[in-house]
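*Asks:* This is the structure, below, for whatever I ask next.
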Amino acid sequence: PGAEYQMKIELVRIGRRVGKRWLMRELSFLFQEGAINVLLGPNGAGKTTLLRLAATLDKPSEGEVLADGRSLWRVTRSELREIRRRWAFVFQSPLFLLGTAEENLLFPLRLRGEPLSRERIDRLCAGLDLTRKLSQPVFTLSGGEKQKLQLVRALLLKPEVLFLDEPASSLDPLSLRQVETLLREWAEEGNTVILSTHNIAQARFLADRLLFLQEGRRVDDLPEWGWERPFNWPENLLQGALERQEGEWFLRVGEFLLRVPDPGFRGAASALVAPEGIVVSSQPLSSSAKNSLPCRILSHRDLGELTALEGETGGLRLWALLTKSSWASLKDLQGPLFFTFKAASIKLFPKESP
């Protein structure tokens, strides 16, 4: 699919209004065919809104969605239906029918009258460690397994255009890399991938074409991955060495031992700590599953509805995200603030990875 013909999708001065509030206005973007297009931005930036507009799941309040130059809201219903049959959408919260994982994979194929390829199912499931899960009731799967199963279900339909909304939000580091590898292979076969994420490291690893969004507006995609940019989104990328103590995994960063999930590899590692996964408090929050560090505040940034807070302790710098009201209640306190985050908030990669 997609190798002989690549559909060109373009947004022209697109806008979406709910009631009197505009979620997005006059945004234009041309998606690159046969490539991975990444929509990057913080929560509330408009990524899902834009993704649903591009996939014609929602109708724009203004502007046009074009496929090969044709406005998709001006074609007939049957024409739009045929175009949508060449697309697939992977939602952030997977939806399934009652039954086993395998039955959920087979149902869309039977519904469309598509031929069943057992070899294809086995290959896709093996690449995502799902083969042993196929006979299980789908409700017994973990959140990450459901996300991977939903991706397999979409790829079995051989879509020329694959839309994904935060496809890695529930994945462990190993599963994350499996999904990213699969998406790269899918694009290299000549298909178009359009996905949303707030994960800067994932965008760096995947994107052939990048669109920054903030508060429903496009911020010009900058060359050479210029992260010091008007977009100004914080990132916590740490370097360290993995250690195992009493059956648990830690990342040694300078003088600190940070509790991490099982990395699936050994040795030196890069770690991405999601700023939105860090809780800031005036007192330490103790838990065996959490890392809690006393930080002096170096700076803060206004990101619209959120505030980005930069803290430092022992040479280690971390950014955290909190609401404006939370920052207002903390900013006048004396002494350090505690940055607390779970091991599950840390994504690990071998140090030599991009």
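The values are calculated or read from the model by the stated rules, or taken from the named source; none is laboratory data. The structure displayed is predicted, hence computed values, not measured ones. Quick reminder, even Gly has a Cβ in these numbers, built from the backbone with ideal geometry, and neighbours come from all protein chains shown. When the accessible area is computed, the model is the full protein with side chains, heavy atoms only, and any ligands, DNA or RNA have been set aside. Shrake-Rupley method; radii C 1.70, N 1.55, O 1.52, S 1.80 Å.
*Asks:* At a temperature of 37 °C and a viscosity of 0.692 mPa s, determine how fast the range 103-202 diffuses translationally according to Stokes-Einstein, using the Kirkwood radius over alpha-carbon pairs as Rh; express D in µm²/s, rounded to the nearest whole number.
*Replies:* It comes out at roughly 233 µm²/s.
*Asks:* Now, a different point. At q = 0.07, 0.08 Å⁻¹, what base-10 log of I(q)/I(0) does the Debye formula yield for the chain when every alpha carbon is treated as an equal point scatterer in vacuo?
*Replies:* Debye curve over Cα of the chain, log10 I(q)/I(0) at q = 0.07, 0.08 Å⁻¹: -0.34, -0.44.
*Asks:* Of all the stretches in the chain, which is the longest one without any exposed loop site, taking GluC sites (Glu not before Pro) in a DSSP loop (any state but H, G, I, E, B) with at most 14 other Cβ atoms within 10 Å?
*Replies:* 5-188
*Asks:* Something else now. Please report the antiparallel percentage of the DSSP beta bridges confined to the chain, to the nearest 5.
*Replies:* Expressed as a percentage, antiparallel bridges in the chain total about 75.
*Asks:* Which order do you get for ASP302, ASP165 if you rank them by accessible area with a 1.4 Å probe, largest at the top?
*Replies:* If we order ASP302, ASP165 from most to least accessible, we get ASP302, ASP165.
*Asks:* In whole Hz, what ³J(HN,Hα) sequence does the range 313-329 give by Karplus (6.51, -1.76, 1.60; θ = phi - 60°), x for Gly and Pro?
*Replies:* 8, x, x, 8, 10, 9, 9, 10, 10, 8, 5, 4, 5, 5, 5, 4, 7
*Asks:* Can you give the net charge of the other residues whose Cβ lies under 15 Å from the Cβ of VAL12, counting K and R as +1 and D and E as -1?
*Replies:* It works out to a net charge of +3.
*Asks:* Something else now. Kindly express, to the nearest 10 degrees and within the range 0 to 90, the angle between helix 173-188's C-alpha long axis and the longest C-alpha principal axis of the chain.
*Replies:* Value to nearest ten degrees: 40.
*Asks:* Could you work out the relative contact order of the range 1-65? I mean the mean sequence separation of Cα pairs under 8 Å and 6+ apart, divided by the number of residues, in percent.
*Replies:* 41
*Asks:* Quick check: residue separation of SER286 and GLU62 times 0.36 nm, minus the Cα distance between them. What number comes out in nm?
*Replies:* Extra length from SER286 to GLU62 when fully extended: 75.7 nm.
*Asks:* Another question, then. Need one number: nm distance between label points at GLN334 and PHE107, each 7 Å from Cα along Cα→Cβ, rounded to one decimal.
*Replies:* Placing both labels 7 Å beyond Cα along the Cβ direction yields 6.2 nm.
*Asks:* I've got another one for you. State the extension gain, in nm to one decimal, for the chain segment bounded by GLU10 and GLU26, taking 0.36 nm per residue of separation less the distance between their alpha-carbons.
*Replies:* Length gained, GLU10 through GLU26: 4.5 nm.
*Asks:* So, one more: Between Rg and the Kirkwood Rh of the range 1-78, both from Cα atoms, what is the Rg to Rh ratio?
*Replies:* 0.98
*Asks:* Can you give the Rg to Rh ratio of the range 232-335, both from alpha-carbon atoms, with Rh computed by the Kirkwood formula?
*Replies:* 0.99
*Asks:* While we're on this one: Return a whole-number percent for the relative contact order of the chain, with Cα pairs under 8 Å and 6 or more residues apart as the contact set.
*Replies:* 18
*Asks:* While we're on this one: What is the extension gain from ARG252 to VAL75, computed as 0.36 nm multiplied by their sequence separation minus the C-alpha to C-alpha distance, in nm to one decimal?
*Replies:* 57.9 nm
*Asks:* Continuing with this model, one more query. Give the angle, between 0 and 90 degrees and rounded to the nearest 10, that separates the Cα long axis of helix 101-112 from the longest principal axis of the Cα atoms of the chain.
*Replies:* Approximately 30 degrees, to the nearest 10.
*Asks:* Describe numerically, in nm with one decimal, the distance between label points set 7 Å from Cα along Cα→Cβ at LYS342 and at ASP262.
*Replies:* About 1.8 nm, to one decimal.
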